[in-house]
Structure formats: structure tokens, C-alpha cells
Amino acid sequence: MRLAMTIDSQSVIVQDPEFLSGQPVFRGTRVPFQPLLEYLEGGDTLDEFPEQYPGVSREQEVAALEEAKALVLAPFGK
């Protein structure tokens, strides 16, 4: 199942079919969102991610995770 992303002007995650094949990225960067999830899945912390992707701030990381959480929980009315 593929979830559709709804992006508003305040979203830290943006998606453009003509940019990086439509992968969700951090607004204002070329950094895809997926590596953040992979870092966390691998046991790394939010503090370690910007070492590899210095264009992304901790605030952006947290905001992106909150957006992803809202997107996933929306169908359940949470």
C-alpha cells in the first residue's frame, strides 16, 4: 500500500516528481527523507544523521518524523 503525501507550505518534507524521481526530501535540500529512517532503524541517533547530511538540522529531523507520524496515523483518526 502506498500512502499519498499531502504537502503544505509549512511542510519540512517536500516531493516533486521532477526532482530526485519524486523522492520525499527535506525542504531546501537534496537530502532524501528515507536515509533518516534508515539511520534510526540501524540504531543511530538523530545527532548522528547531520554528521553525514550537514544540510539537515535537528529541528528538521524532528519535524519530518512528526509529519511522517501524522501521515501514517491519519487513516486511523489519531
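The values are calculated or read from the model by the stated rules, or taken from the named source; none is laboratory data. Keep in mind the model is a prediction, meaning the values are calculated, not measured. Using ideal geometry, Cβ is built from the backbone for each residue, glycine included, and neighbour counts are taken over all protein chains shown.
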- prompt: So how many residues does the range 43-78 have that are without any contact (Cβ under 8 Å) to a residue 12 or more places away in the chain and of a type in the set (Lys, Arg)?
  reply: 2
- line: So, first residue more than 21 Å from residue 55 (Cα to Cα) in the range 1-30, second residue modelled with pLDDT under 85, Cβ within less than 9 Å, six or more apart or across chains; the pairs are 3/74; 3/75; 6/74
- request: Sort out which residues of the range 66-76 are farther than 16 Å from residue 15 by Cβ and under 12 Å from the mean Cα position of the chain (by Cα), and write them in order of number.
  value: 66, 69
